[in-house]
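Working notes, structure below.
The values are calculated or read from the model by the stated rules, or taken from the named source; none is laboratory data. Nothing here was measured: the structure is a model prediction, and the numbers come from that model. Cβ placement follows ideal geometry from the backbone for every residue including glycine, while neighbour counts extend to all protein chains displayed. Heads up: the accessible areas ignore ligands, DNA and RNA and are worked out on the full protein's heavy atoms, side chains in. Shrake-Rupley method; radii C 1.70, N 1.55, O 1.52, S 1.80 Å.
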Amino acid sequence: MATSLRRAVGTPLLYFFILGDILGAGVYVLVGEVAEQSGGAVWLPLLTALVLAALTAGSYAELATRYPRAGGSAHYATTAFGPAAGSLVGFCMLAAGVVSVGALALAFAGDYLRALVSLPTLLVVVVFLAVLALLNIRGVKESLGANAVATVVEVGGLLLVIGLGAWVVLRGDADLGRLAEVGTGGHGVLGATLAGTVLAYYSFVGFETSVNLAEEVERPRRSYPRALFGALLTAGVVYLLIGVVTSASVPTDELAGSSGPLLEVVRLAGGVPDWLFGVVALVAVANGALLTGIMSSRLAYGMARDGLLPSPLARVLPGRRTPWVAVLATSALSLVLALTGEVAALAETLVLLLLVVFTAVNAAVLVLRRREGGEADHFRVPTVLPWLGLASCLLLFTRIDGAVWLRGLVLLGLGALLAAVNAVRARRGGRDRDAAGAGDAEVPEPSGRS
């Protein structure tokens, strides 16, 4: 039975995977929420979030090129801190991924789809997740090929908004003074910037899912850093331009009160039908769910192969060599969550879970460097960057709302329970190996005499 994954992903496909995962559905709604928290200078928290995300991305680039394995963050934590930490980190990533796919399935069945056709939510969610699972099982190359097309559509839609916003500015219907307005009635300049940064940070996450594809990348030590930083920079430029044109074109109060802030720019500019953005948004949602589903299944596969989850999850489909059991299991959990929860409730804990993961990854870089002997043969970031990445996570932890902490602690408690079970298993396995070794030592050597 095949147990390894096929190396079929080159730099362009990996670049589009990361870019497509970052440029997800969040950007179509988050600009308004950032404006509500930070004021008219939407570009400032977006820029701050880009810098903070890049710090942790550097740690991922180093670890993914040193350990190109499907387990990703969980494998790094296991290598640095042991199976208990790996279990907790892997559980947080897995929970975030499964919850995200469930939320995106509900979002796909929501208002954007209803603007085109009216269908029962249950039917849409079931069919949506089934199609994604089949595409995932068929093969990563086919999945990433679909992602490349969807990413072009997403980027095209955002570039359209940038162009229309620039037209509004050029014809004199914008207010560039709003770009310098930082602060709201509830926050001063610093507080408003940090409050908006937490929301903007969510729009940049997605790069972390790509490390679970490192085992399927043709030349990970060369391709991964290029694809990662190239995609992050591309997304950052697009987001900053979106922040500038939306803030300048649309009054802050109107922007903050809209559930479709980019559509406000389209309407203000004129000439583009509203339904077009409904289609683009659906593509963005579907693409985000596909990429997150790929990550979740590869993470479950990697954790099972490392002994942190049940071994059947490590089974690979003959011929296709895709982790079919992990795909079906994670898709089923996403379906349960989608049918029993709401989009807002499913999405609120994602940032908290990912901050736990990012903290562990930045710390793992520092710990593993101490064990590294000789000259490194992988990508390496300056030592100060992992420390700054740790500091950025701690800063964002302080901006998480108390209600989110309460929900997040329930999931973290389940992760801690899994970590404790795996730690006990590892300890017992070590004792069994020691006992077997001692037993072998007691066997007398043959004397050669009868």
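Some notes on this structure:
- Top-ranked residue in the stretch 315-326 [being closer than 21 Å to Leu132 by Cβ and touching a residue at least 60 places away in the same chain (Cβ under 8 Å); ranked as most open to solvent (accessible area, probe 1.4 Å)]: Arg315
- Residue in the stretch 56-66 that is within 19 Å of the chain's Cα centre (by Cα), modelled with pLDDT of 80 or more, among the hydrophobic types (A, V, I, L, M, F, W, C) and open to solvent by 10 Å² or more (accessible area, probe 1.4 Å) present: no
- Test for Val168: is it buried (at least 17 other Cβ atoms within 10 Å of the Cβ), at pLDDT below 90 and either more than 22 Å from the chain's Cα centre (by Cα) or not in a loop (DSSP other than H, G, I, E, B) (or both): no
- Just one of the listed residues (Thr330, Thr359) is of a type in the set (Ser, Thr, Tyr), touching a helix residue (DSSP H, G or I) at 6+ places or on another chain (Cβ under 8 Å) and open to solvent by 30 Å² or more (accessible area, probe 1.4 Å), namely Thr359.
- Taken together, Ala80, Ala41 contain a single residue that is out of contact with any Phe, Trp or Tyr (no Cβ under 9 Å at 6 or more places or on another chain), open to solvent by less than 40 Å² (accessible area, probe 1.4 Å) and over 18 Å from Val356 (Cα atoms), which is Ala41.
- Checking Val238, Val205, Val244 one by one, the residue that is under 21 Å from the mean Cα position of the chain (by Cα) and farther than 25 Å from Gly139 by Cα is Val238 and no other.
- Selection from the stretch 127-137 of residues that are of a type in the set (Val, Ile, Thr), surrounded by fewer than 19 Cβ atoms within 10 Å (Cβ to Cβ) and under 18 Å from Ser297 (Cα atoms): Val131
- Output for the stretch 241-263, where each listed residue is surrounded by fewer than 17 Cβ atoms within 10 Å (Cβ to Cβ) and either in contact (Cβ under 8 Å) with a residue 12 or more places away in the chain or hydrophobic (A, V, I, L, M, F, W, C) (or both): Pro251, Gly257, Ser259
- Of all the criteria given as (1) outside any helix (DSSP H, G or I); (2) out of contact with any Asp or Glu (no Cβ under 6 Å at 6 or more places or on another chain); (3) buried (at least 16 other Cβ atoms within 10 Å of the Cβ), the one not satisfied by Gly271 is (3).
- Residue match in the stretch 371-382 (condition: hydrophobic (A, V, I, L, M, F, W, C), at pLDDT below 95, open to solvent by less than 30 Å² (accessible area, probe 1.4 Å) and in contact with a Gly (Cβ under 6 Å, 6 or more places away or on another chain)): yes
- Filter result for the condition that a residue is of a type in the set (D, E, K, R), surrounded by 15 or more Cβ atoms within 10 Å (Cβ to Cβ) and touching a Leu at 6+ places or on another chain (Cβ under 8 Å), over Glu181, Glu154: Glu154
Residue by residue, here is whether (1) touching a Cys at 6+ places or on another chain (Cβ under 8 Å); (2) open to solvent by less than 30 Å² (accessible area, probe 1.4 Å); (3) modelled with pLDDT under 85; (4) not in a helix (DSSP H, G or I) holds:
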position	(1), (2), (3), (4)
Trp275	no, no, yes, no
Gly278	no, yes, yes, no
Ala304	no, yes, no, no
Leu308	no, yes, yes, yes
Pro312	no, no, no, no
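- Some residue of the stretch 289-300 being open to solvent by 60 Å² or more (accessible area, probe 1.4 Å), under 23 Å from Val101 (Cβ atoms), not in a loop (DSSP other than H, G, I, E, B) and not β-branched (Val, Ile, Thr): no
- Val238 being open to solvent by less than 40 Å² (accessible area, probe 1.4 Å) and at pLDDT below 80: no
- All conditions in (1) in contact with a Gly (Cβ under 8 Å, 6 or more places away or on another chain); (2) open to solvent by less than 60 Å² (accessible area, probe 1.4 Å); (3) modelled with pLDDT of 85 or more hold for Ser203, with the sole exception of (3).
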